[in-house]
Amino acid sequence: MAKIFCIANQKGGVGKTTTTVNLAAGLAKIGQRVLLVDLDPQGNATMGSGVDKRALELSVYDVLLESASVKEAAVLAEQCGYHVLGANRELAGAEVELVPLAQREKRLKTALTAAEKDYDFVLIDCPPSLSMLTLNGLCSAHGVVVPMQCEYFALEGLTDLVNTIKQVHANLNPDLQVIGLLRVMYDPRITLQSQVSDQLKDHFGDKVFDTVIPRNVRLAEAPSYGLPGVVFDASAKGSVAFVEFAKEMVKRIKKM
Ligand code: ADP
Ligand code: MG
């Protein structure tokens, strides 16, 4: 049975998509069956897995509107070794189209339930907002992985996200928990970053993942080749860290 995780943080540019595609590739590399769900209309995780968002016959949009199943709409990202339920601009319309529908925040959950035997991990890349799309992600998930940069305002944004997760937990999805905070784009030479990193540890204890993802230019270059860093350059520091993170996730789910 698949364990389902949202990669969420309502801030943009914090490394959600980079985390989603590289964790997916890392998990695939260590033999896990993975489905990546792109819930962002920008389709960056789709393109970053080598799947052309403009050429999708079916996407997560069709799944949310119940005109396709996950099995029908997911495609194999061949070089990456995982499946992708892709997204493109069409998905932006779903936000409005879902409003009048029954169980509108549980559409993705219902669809994923039918596919949960086919995968060990489902990773959902969320858009940078607390929208109906993100809500569909949170309602489907067992846990939330929160990528964050160790910067001054990082903790502030976290409060909103944690409150949203608490509300979803209380009202819609009792399974939901913050599985962990992942420090990304980390540069230990910057004093402020190591201070914030220490603060995070003090405050959140073992909710902070042991693995730290360094700032690494290879991770930033990889999307222009339509690949996760882990596939594009397996020996890069950032790629090695993401494979470590995949192993840490496998360990964590054993305790869930
Ligand atoms: P989000 O999905 O939260 O908007 P992205 O994953 O797209 O964030 O990352 C934002 C930018 O930062 C991208 O250009 C990405 O390539 C870059 N980036 C992400 N993680 C790293 C890293 N560890 N090192 C260097 N660049 C990174
Ligand atoms: Mg993104």
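Only the coordinates and a few stated rules stand behind these numbers; no lab work does. Just so we're clear, the structure is a prediction, and the values are computed from it rather than from any experiment. No Cβ is skipped: glycine too gets one built from the backbone with ideal geometry, and neighbour counts run over all protein chains shown.
Region 185-256 and region 46-113 have Cα centres lying 27 Å from one another. Backbone amide hydrogens, once placed in the peptide plane, bring residue 186 within less than 5 Å of 213, 215, excluding anything fewer than 5 places away on its chain. When 110, 19 are sorted by how many other C-beta atoms sit within 10 angstrom of their C-beta, beginning with the fewest, the order is 110, 19. Straight-line cross-link partners of residue 117 among the aspartates and glutamates, defined as a Cα under 16 Å from its Cα and at least 8 positions apart when in the same chain: 72.
Full extension of the chain between residue 253 and residue 235 gives 3.9 nm of extra length, using 0.36 nm per residue less the Cα-Cα distance. With R₀ set to 30 Å, the beta-carbon distance separating residue 204 from residue 1 gives a calculated FRET efficiency near 0.60. Only Lys, Arg, Asp and Glu carry charge here, each on its Cβ (+1 for the first two, -1 for the last two); on that basis the chain has a dipole of about 580 debye about its Cα centre.
Simple rule: put +1 on each Lys or Arg Cβ and -1 on each Asp or Glu Cβ in the chain, find the dipole, and look at 63, 19, 137; the Cα lying farthest toward the positive end is 19. Counting charges near residue 44 (Lys, Arg +1; Asp, Glu -1) among other residues having Cβ under 11 Å from its Cβ returns a value of -1. For residue 218 and residue 54, what is the calculated FRET efficiency with R₀ set at 25 Å and r taken between the beta-carbons, to the nearest 0.05? Working from the Cβ atoms, E equals 0.45.
Fewest neighbouring Cβ atoms within 10 Å first, the residues 33, 189 line up as 189, 33. Ranking 150, 171, 232 by how far each Cα lies toward the positive end of the dipole of the chain (charges on Cβ) leaves 150 at the top. Extending 7 Å from the Cα toward the beta-carbon at both residue 33 and residue 106 defines two label points whose distance is 2.5 nm. Helices in the chain, meaning DSSP H runs of at least 4 residues, each add -39500 (n - 2.57). Divided by all residues, the mean residue ellipticity at 222 nm is -12500 deg cm²/dmol. Distant-in-sequence amide contacts of residue 178, defined by a placed amide H-H separation under 5 Å and a gap of 5 or more residues or a different chain, comprise 144. In terms of its C-alpha gyration tensor, region 3-255 comes out oblate, because a/c is 1.5 or above while a/b does not outweigh b/c. Of the cross-linked pairs 106/247; 53/255; 11/71; 29/53; 207/254, those separated by over 26 Å at the C-alpha level are 106/247; 53/255; 11/71.
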